[in-house]
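The values are calculated or read from the model by the stated rules, or taken from the named source; none is laboratory data. Values in this document were obtained by computation on a predicted structure and should not be read as measured data. Every residue, glycine as well, gets a Cβ built from its backbone with ideal geometry; the counts of neighbours run over all protein chains shown.
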């Protein structure tokens, strides 16, 4: 492919105290093959010199654009929403997201572009390789078959594997720009984006190829669900209703409250959770996660208090 035919990618990178890894991450983005790109970086208030380092780099690298510094976001999700509100996407063909501490495969963006064209998809995510400081590497499979309602209960994988074609990217940006304060309560932008795409009939492809190395360390906001401690931390969030609360919030923001999964399930009180439990295979992609979803629904049905759509909207 000639450079004249390269597609333009806007890469959104949210940073916070990122000096340990951000240089390697950005370098792995800048060497992407067969694409043109611009990296838009928003730095949450940091204390390790991240902003100064990036300012000096951006002064000599035209493909780096730093957004105004000084705001406190308190999490990657609100930081990514800020980038989506402020950048101009009209001149780009694709949108993607980057964390500050990963390593991208040199063909990550181009492969996504090719697969999306091949499958007529407007949204893309992929498998990835989790790496630990001790050298352990494990490929994490996210490419399980998509289900009828999985998008309301999980993302399509880490947002740092996402690529959105222009039509979907602009629709997501319009959603963010016109949302009210409830948006900031959605902790994971990748979950929201996947839910928006699927609920609005945008075709999504999950690639079984590992597109990047996903570092695991003490400062990961979420990390990989591998090992007893990460598993237990996620299990506690499920059991205390956090996941269901996020699902209801996403449904409200996307105005899909009339779907049966919301009306009969999430908004149906105790009987609703029993209704959900019997439809677990439609709500999560991975078979073992379907079983855990079934158990979580049963526990929510017999515990107090339960989450309701009516109480959440107050």
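Beta carbons closer than 9 Å, at least 6 apart along the sequence or on distinct chains, pair a first residue in segment 286-313 that is within 13 Å of residue 241 (Cα to Cα) with a second that is at pLDDT below 55 and surrounded by 13 or more Cβ atoms within 10 Å (Cβ to Cβ) for 300/306; 300/307.
For segment 1-50, give me each residue that is assigned to a helix (DSSP H, G or I) and buried (at least 20 other Cβ atoms within 10 Å of the Cβ). Within segment 1-50, 22, 25, 26, 29, 50 meet the criteria.
For segment 76-90, taking the residues that are in contact with a strand residue (DSSP E or B) (Cβ under 6 Å, 6 or more places away or on another chain) and part of a helix (DSSP H, G or I), the one that is nearest to residue 40 (Cα to Cα) is identified as 83.
Within segment 107-125, none of the residues are within 18 Å of the chain's Cα centre (by Cα) and surrounded by fewer than 19 Cβ atoms within 10 Å (Cβ to Cβ).
Of all residues in segment 238-257 being surrounded by fewer than 16 Cβ atoms within 10 Å (Cβ to Cβ) and modelled with pLDDT under 95, which is farthest from residue 179 (Cα to Cα)? Across segment 238-257, the extreme among qualifying residues is 239.
Among the criteria (1) within 23 Å of the chain's Cα centre (by Cα); (2) without any contact (Cβ under 8 Å) to a residue 60 or more places away in the chain, the one residue 9 does not fulfil is (2). Restricting segment 51-75 to residues that are in a loop (DSSP other than H, G, I, E, B) and out of contact with any helix residue (DSSP H, G or I) (no Cβ under 8 Å at 6 or more places or on another chain) leaves a set whose member that is nearest to residue 161 (Cα to Cα) is 75.
Within this structure, residue 72 fails the test of being farther than 20 Å from residue 211 by Cα, loosely packed, with under 15 Cβ neighbours inside 10 Å and in contact with a strand residue (DSSP E or B) (Cβ under 6 Å, 6 or more places away or on another chain).
Can we say residue 156 is within 19 Å of residue 104 (Cβ to Cβ), part of a loop (DSSP other than H, G, I, E, B) and in contact with a helix residue (DSSP H, G or I) (Cβ under 8 Å, 6 or more places away or on another chain)? In short, yes.
If you go through segment 131-142 and pick out every residue that is over 30 Å from residue 258 (Cβ atoms) and assigned to a loop (DSSP other than H, G, I, E, B), you end up with 6.
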